[in-house]
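Worksheet: the structure to be examined is printed underneath.
The values are calculated or read from the model by the stated rules, or taken from the named source; none is laboratory data. Just so it is clear, the structure is predicted and the values come from calculations on it, not from any experiment. All Cβ positions, even for glycine, are placed from backbone atoms using ideal geometry, and neighbour counts span all protein chains on display.
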Amino acid sequence: MDKKTVLNATHRDMGARMVPFGGWDMPVNYGSQIEEHHAVRRDAGMFDVCHMTVVDLRGARVRPFLRHLLANDVDKLKTAGKALYSCMLQPDGGVIDDLIVYFVSDDWFRMVVNAATTDKDLAWIGEQAKGFEVAVEPRFDLGMVAVQGPQARAKAGPLLPADLREAAMALKPFSAATSGAWFVGRTGYTGEDGFEVMLPESDAPAFWRALAAAGVRPCGLGARDTLRLEAGMNLYGSDMDEGQSPLTSGLAWTVAFEPAEREFIGRAALEKQKAAGSLPRFIGLVLEGKGVLRGHQKLYDGEREVGEITSGGFSPTLDRSIAMARVNADAADILMVDIRGKRLPVHRVKMPFVRNGKACIEL
């Protein structure tokens, strides 16, 4: 039986089409996936992300613990509320999960991890925390709603608790404010401005309906995927996993090798990969003709297979098919993709494809 978020009945009441997703019963769309996508790019849309897991980490040594646990360095977080994107690695450099961590206070950091990886994440974090006397508390009592788009903050701000509104509206990107059990981050997974709001589960249905009444469009998993793909944002399990490192997944920018004395889990393996050279490259692709790029389609440089697509699909903003791919270091800029036995040309572009509603590539 698939698990249900606290908003499940609300989605059904509002006409969502529900599908199984990573062990959860989730809305894929409320009608037109493309209209939902455009609503986020042009106005405001909202997503149920209650299936993701909030984890509170507390203790006097929580900062040194996270400096050991994560590939990025939480010492970059000097101001309360600031957030950091990072991968959590195995000793061999494989990605256990990608996540956001927030600095709340000297003895309290908050982390948000992916739904499908929650069990293994909690087991790994708990095991690593033992030597640091850090308490690991998954907050299954909290829900989470993402409100995204150029008008997202303007429409969501007035619906936040009165004592949180001013601080939330003043937030800079990748920072958060909290009041009581409500926690608002100016973060997201769409390439647009907006909030990710953590709140008591009991408050989530009323908040969702209030957002809808304020003109925020309910959106499903379909639009969430096309938006994050256009924004060049990785999806765990597709673009990286335990078999790939950040260095082979376009996430080298999330690895803090300085200071050299910080011994984070996976560091030695990543340094060995760097020294060996010829790492596969993680690239953006655009299909030159008609067709749809999908994960696992093979890529060719002449007759030589040089890699495969990790995520792909139709871009509603660009009106063409786009993809992320992992290819050999010496692969050409113009490649061929095998779509059901037919080879079609694709060309390499720098990601993101779209950001803040505008194309970032030449069409």
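Of note, Asp319 satisfies the criterion of being closer than 24 Å to Gly191 by Cβ and either among the acidic types (Asp, Glu) or touching an Asp or Glu at 6+ places or on another chain (Cβ under 8 Å) (or both). Looking across segment 333-354, the residues that are more than 18 Å from Val292 (Cβ to Cβ) and either among the acidic types (Asp, Glu) or surrounded by fewer than 16 Cβ atoms within 10 Å (Cβ to Cβ) (or both) come down to Asp333, Ile334, Lys350.
Taken as a whole, the condition of being part of a helix (DSSP H, G or I), charged (D, E, K, R), outside the structural domain of Cys219 (by TED's automatic domain parsing) and more than 19 Å from Ala146 (Cβ to Cβ) applies to Lys120.
Screening Ala213 with (1) in contact (Cβ under 8 Å) with a residue 40 or more places away in the chain; (2) in the same structural domain as Gly157 (by TED's automatic domain parsing) gives one miss only, at (1).
For segment 5-42, a tally of residues being in a helix (DSSP H, G or I) and farther than 16 Å from Thr190 by Cβ returns 6. Within segment 201-251, being under 21 Å from Val54 (Cα atoms), of a type in the set (Ser, Thr, Tyr) and either more than 12 Å from the chain's Cα centre (by Cα) or modelled with pLDDT under 95 (or both) holds for one residue alone: Ser202.
Select the helices (runs of 4 or more DSSP H) contained entirely in segment 145-231, then report the ones holding at least 3 residues which are of a type in the set (Gly, Ala, Ser). Reasoning before the result, please.
Numbers: elements: 152-156, 162-169, 204-213, 221-230.
Where helices (runs of 4 or more DSSP H) fall fully within segment 145-231 and carry at least 3 residues being of a type in the set (Gly, Ala, Ser), they are 152-156, 162-169, 204-213.
Scanning segment 140-178 for residues that are over 24 Å from Thr10 (Cβ atoms) and touching a residue at least 12 places away in the same chain (Cβ under 8 Å) yields a total of 12.
Can you find a residue in segment 259-270 that is of a type in the set (D, E, K, R), over 25 Å from the mean Cα position of the chain (by Cα), modelled with pLDDT under 95 and surrounded by 14 or more Cβ atoms within 10 Å (Cβ to Cβ)? Write out each step before concluding.
Looking only at segment 259-270, we keep the residues that are of a type in the set (D, E, K, R), and these are 261-263, 267.
Okay, now just the ones that are also over 25 Å from the mean Cα position of the chain (by Cα), so 261-263.
So of that shortlist, the ones also modelled with pLDDT under 95 come out as none.
Looking for residues that are of a type in the set (D, E, K, R), over 25 Å from the mean Cα position of the chain (by Cα), modelled with pLDDT under 95 and surrounded by 14 or more Cβ atoms within 10 Å (Cβ to Cβ), one finds none in segment 259-270, hence no.
When you look at Gly131, is it modelled with pLDDT under 95 and either of a type in the set (S, T, N, Q) or farther than 28 Å from Ala213 by Cα (or both), yes or no? When the stated conditions are applied, Gly131 passes them. Considering segment 1-30, and only residues there that are over 12 Å from Leu221 (Cα atoms) and free of Cβ contacts under 8 Å to residues at least 24 places away in the same chain, the residue that is surrounded by the most Cβ atoms within 10 Å (Cβ to Cβ) turns out to be Asn8.
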